[in-house]
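Have a look at the structure below, then the notes.
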Amino acid sequence: MVSPRRRIERLLAQRLVALVLLAAALWLLPPLMPWLHGPPLAGWPRWAWALFGLWALLIGALAWLMERPEAEDDVAGADPP
């Protein structure tokens, strides 16, 4: 039987792999095509705004995955002191 701690670590690893694959797909050209053309916003090209926004979302998703308090509670309760 797999321990609860190991199960949570495995689930976290799967979520991190999914996040990396999503990031790789978002950095490709087709998702960025709508922002390649058009007037600049605040002096910056639209594609730059899109990349900064995607980068911020990926950092936020990574922080959320790594710092979830319910996962820490599950792991803390899994092993007896």
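Every number here is computed from the coordinates shown, using simple stated rules; none is lab data. Because the structure is predicted, anything quoted here is derived from the model rather than measured. Heads up, the Cβs are rebuilt from the backbone with ideal geometry, glycines too, and the neighbour counts pull from every protein chain shown.
A few points about this structure:
- Fewest-first ranking of Arg10, Arg68, using other Cβ atoms within 10 Å as the exposure measure: Arg10, Arg68
- A Förster radius of 41 Å combined with the Cβ-Cβ distance from Ala25 to Val2 puts the calculated FRET efficiency at roughly 0.85.
- The Cα-based radius of gyration of region 4-78, divided by its Kirkwood radius, gives an Rg/Rh of 1.18.
- Sorted by Cβ density within 10 Å, fewest first, the residues Leu28, Leu11: Leu28, Leu11
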